[in-house]
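K.L.:
Questions regarding the structure given below will be posed in turn.
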Amino acid sequence: MNKHFLTIMAAGMIILSATGNAFAEETVGCPHNVGKGKVKIRSKVAFVQAQECYSDEVWKALHDHSPYSIDDDKMVDLPEEWHQSVTQIALGVEYGIVDKLSLGVFFPYVIKDLRRQVWSPAAKKTVWKEIEDDGLADIWLSAKYLVYSESPGLLGLDWEDGLLLALGYKPSISSDEKVKSGIASGGQDFKLVLLSHPHFTEALFLCSDAWYQFRGEVKDIDGFAKSGWDLGDKFGYRAFMGCEFSNHRFVVIGGPQGWLAGGNQERDGSEIEDSSTYSHSIVAKFRWQPYGDEDAGSIDIGVRMPYANKTAFAPVVVPTIGCRIKF
């Protein structure tokens, strides 16, 4: 297994060095049971280059000089000289403490480069804001339990990989500076995830999840405008169809993935106008499984293509790459 591990990780590092592009994996991992005494490691990297922003962001910065009114409510091209580049490097580790229950930890590292205009109430004019920062973002702790595993099972499908339920917790342990720069959120979050991986045939399968995330209040930070905000809860989903071929050594995967979040509230309970957000995408991936099994060591390359966004900043396309192994 050590030979397998070195082969997969070496290949993954070569590809990562060449592209530097990926999308950080879900906080609780994939719908697979880890197994008693087993350790699973997964890694992904993301480079997200924004090409669009929400029109309200331009209006809030430029006011009367904005080409968009406060009522436009649409995604627009970034204004001249604005940019946001975010690189996300994620590492997840899971350990099976008993046959059906595993514990995990998820480490996201963020590198952020932002340049945009903002409105200065003190100066009563638009000023430039620049952020160049990096650091460990909010760490997630999780527990995942195999609720159902039968073959054949529900709907006559092969549920050997099972139906799983996961809980995630994100404590607010990031520094004030990381919260102010947007590396971390500054609140305590809880996440409930239902994951499934049924096989329709030996080669054709579904990889899916649905989740709810409770987002708490942002901690108090001197000089931070969002201190005490109650962040709106999030709901998310993915539904990927996959097909293995060439003796299970290669897989094509694709389908929809997205999330939506409720509006935020000020410390006094008043809702921040038009602060609800969402993002919906189509994802396509190609996976190499040299040992015929995803968890025995695999690498995937793909692309996430958003088709509906309402976020402060948004990319047009996000290349992806990731690798994983269990031993």
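Quick note: the coordinates plus some simple rules give every number you see, no bench work behind them. Computed from a prediction, not measured in an experiment: that's the story for all the values here. When we count neighbours, we look across all protein chains shown, and the Cβ atoms used for this are built from the backbone with ideal geometry, even at glycine.
K.L.:
Spelling out what I want: for every residue of region 143-153, take phi, set θ = phi - 60°, compute 6.51 cos²θ - 1.76 cosθ + 1.60 (Karplus), and round to whole Hz; glycine and proline get x.
P.N.:
9, 10, 10, 7, 7, 8, 8, 9, 8, x, x
K.L.:
Could you order peptides 188-199, 214-225, 89-100 by the average number of other Cβ atoms within 10 Å of their residues, highest first?
P.N.:
With the highest mean Cβ count within 10 Å placed first, the list reads 188-199, 89-100, 214-225.
K.L.:
Report the extension gain between HIS280 and ASP222 in nm, rounded to one decimal, defined as 0.36 nm multiplied by the number of residues separating them, less their alpha carbon distance.
P.N.:
Stretched fully, the HIS280-ASP222 segment lengthens by 17.4 nm.
K.L.:
Of the candidates LYS310, LYS112, LYS74, which one comes out as most mobile in a Gaussian network treatment of the chain with C-alpha springs shorter than 10 Å?
P.N.:
LYS74
K.L.:
Give the residue from ASN264, GLN188, GLY29 lying farthest towards the positive end of the charge dipole for the chain; charges sit on Cβ (+1 for Lys and Arg, -1 for Asp and Glu) and the dipole is referred to the Cα centre.
P.N.:
My answer, from the dipole projection, is GLY29.
K.L.:
Picking from TRP119, TRP288, TRP159, which is most flexible by a Gaussian network model of the chain using Cα springs under 10 Å?
P.N.:
TRP119
K.L.:
Let me ask you something else. Could you work out [θ]222 nm for the chain from helices alone, using -39500 (n - 2.57) per DSSP H run of at least four and dividing by all its residues? Round to the nearest 500 deg cm²/dmol.
P.N.:
-3000 deg cm²/dmol
K.L.:
Turning to a different aspect of this structure: For the chain, what are the per-bin percents of Cα-Cα distances with bins 20 Å wide, up to the bin holding the maximum?
P.N.:
Spelled out bin by bin, the chain gives 28, 56, 15, 0 percent.
K.L.:
A further question follows. Name the residue, out of SER55, SER227, SER69, whose mean-square fluctuation peaks in a Gaussian network model built on the chain with Cα pairs under 10 Å.
P.N.:
SER69
K.L.:
Longer than 30 Å from Cα to Cα, which of LYS40/LYS310; LYS226/LYS326; LYS40/LYS74; LYS44/LYS144 are they? Say none if no pair is.
P.N.:
The answer is LYS40/LYS310; LYS226/LYS326; LYS40/LYS74.
K.L.:
Let me ask something else. Going highest first, how would you order 253-260, 127-134 by mean Cβ packing within 10 Å?
P.N.:
Sorting 253-260, 127-134 by mean packing, highest first, produces 253-260, 127-134.
K.L.:
Helix 2-19: angle to the longest alpha-carbon principal axis of the chain, degrees 0 to 90, nearest 10?
P.N.:
Relative to the chain, helix 2-19 is tipped by roughly 30 degrees.
K.L.:
Moving to a separate point now. Test of understanding: what is the full-extension gain from TYR145 to TRP119, defined as 0.36 nm times their sequence separation minus their Cα-Cα distance?
P.N.:
Gain on extension, TYR145 to TRP119, equals 4.6 nm.
K.L.:
Placing unit charges on C-beta atoms (Lys and Arg positive, Asp and Glu negative, everything else neutral), compute the dipole magnitude of the chain about its Cα centre in debye, rounded to 20.
P.N.:
With only Lys, Arg, Asp and Glu charged at Cβ, the dipole is about 1000 debye.
K.L.:
For every other residue with a beta carbon closer than 14 angstrom to the beta carbon of VAL147, add +1 if it is Lys or Arg and -1 if Asp or Glu, then tell me the sum.
P.N.:
Value of the local net charge: -3.
K.L.:
Give the residue from SER149, GLY135, SER120 lying farthest towards the positive end of the charge dipole for region 116-186; charges sit on Cβ (+1 for Lys and Arg, -1 for Asp and Glu) and the dipole is referred to the Cα centre.
P.N.:
Farthest towards the positive end: SER120.
K.L.:
Could you give me D for region 144-192, from Stokes-Einstein at 10 °C and 1.306 mPa s, where the hydrodynamic radius is the Kirkwood radius over C-alpha pairs? Units µm² s⁻¹, please.
P.N.:
117 µm²/s
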